[in-house]
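Asker: Here it is, the structure, as structure tokens.
The values are calculated or read from the model by the stated rules, or taken from the named source; none is laboratory data. Quantities reported herein were computed from a predicted structural model and do not represent experimental measurements. Because the Cβ atoms are built from the backbone with ideal geometry, glycine has one as well, and the counts that use them run over all protein chains shown. Side chains included, ligands, DNA and RNA excluded: accessible areas come from the protein's heavy atoms. Shrake-Rupley method; radii C 1.70, N 1.55, O 1.52, S 1.80 Å.
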Amino acid sequence: MAGAAQDKVLEQILDLLPADGTPVLNRIMRAMVSRRLGYVLSSEDYFTARDTLLRQGRVGRERGQGGKLFLLAAPAGEGTGTASAAAEAVSEAHLMPALGQFLAGAFTRDMDLPSGSVTIVQDISRIGPVSGQWMRPDFTLVSVMRFQFLPGLQVDVHSFELKAENGGSVLAVHEALAQTRFTHFGHLVWHLPLDSRARARLPEVEAQCDEHGIGLILATQADGRGGFEVRLEPQRKSTSPKVVDGFLESRLTFENRALLARALGRDN
């Protein structure tokens, strides 16, 4: 691989790796770089570029299970303006309250549910299994719809994965997709200010969301007030009722489980 071509691969790997140091499988990284470059990057050329970054001390690796790559923090006194901006970026924890208010307010109203329907919104970021990859969405929304003429009820369960400015990537889309193992609808929520350099990744992230049926919500303001934009609606997944039921039982609080039971007419 010629020097200019290798430099391009190095640049793409560094740009695609999550700024928070989250590891990415080598096969996934190679696929994402290939998509960026517009051609299939060979395994040999990928690992040549990866080894160059390892020697430069810019990335680290985890061995086993396909191998993973992660971004290393720049030594003190080094780095670029982008690294400085990442340090100042609004954290996910700061965005969580605003997201909760949006989901319980404008998002629920825009669902235009029939009269008598019930919705439950809950922060589940610290609830559920601590092991396993991508097992914890940040929020869930449960809707119980009652229809005017048709009998019965319809229960829909949504999961929401929140990412800070530098966390929005194709990998984040796959994280949101993986969480639909437990829900009917998956959403990626990305804090992306209008002047963010990360907007260069938006077309690719949006295309991946569209391909996999994942909803995309952009938060353009740190406080979330009037700053949430629904870019893509999700597609309903045919998740097993048994799996969804187990998800709700293990994630919802006692109060919300009781509220859901009452909405379903199961008070006892």
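Asker: (1) open to solvent by less than 50 Å² (accessible area, probe 1.4 Å); (2) in contact with a strand residue (DSSP E or B) (Cβ under 9 Å, 6 or more places away or on another chain); (3) not in a helix (DSSP H, G or I): which one isn't true of residue 61, the others all being true?
Answerer: Exception for residue 61: condition (1).
Asker: Counting residues that are open to solvent by 30 Å² or more (accessible area, probe 1.4 Å), which strands (runs of 3 or more DSSP E) fully inside the range 160-268 reach at least 3?
Answerer: So the answer is 228-232.
Asker: Turning to a different aspect of this structure: Do we find that residue 156 is out of contact with any helix residue (DSSP H, G or I) (no Cβ under 9 Å at 6 or more places or on another chain) and surrounded by 15 or more Cβ atoms within 10 Å (Cβ to Cβ) in this structure?
Answerer: Spelling it out, residue 156 is indeed out of contact with any helix residue (DSSP H, G or I) (no Cβ under 9 Å at 6 or more places or on another chain) and surrounded by 15 or more Cβ atoms within 10 Å (Cβ to Cβ).
Asker: Would you confirm, using the coordinates I've provided, whether residue 104 is surrounded by 19 or more Cβ atoms within 10 Å (Cβ to Cβ) and not in a strand (DSSP E or B)?
Answerer: Values: surrounded by 19 or more Cβ atoms within 10 Å (Cβ to Cβ): no; not in a strand (DSSP E or B): yes.
Considered against the rule, which asks whether it is surrounded by 19 or more Cβ atoms within 10 Å (Cβ to Cβ) and not in a strand (DSSP E or B), residue 104 comes out as no.
Asker: I'd like the full set of residues that are without any contact (Cβ under 8 Å) to a residue 40 or more places away in the chain, closer than 22 Å to residue 174 by Cα and among the hydrophobic types (A, V, I, L, M, F, W, C), limited to the range 6-65.
Answerer: Scanning the range 6-65 gives 31, 33, 37, 40, 41.
Asker: Looking at residue 161 and the list (1) without any contact (Cβ under 8 Å) to a residue 24 or more places away in the chain; (2) under 21 Å from residue 19 (Cα atoms); (3) not hydroxyl-bearing (Ser, Thr, Tyr), which single condition is not satisfied?
Answerer: The single condition residue 161 does not satisfy is (1).
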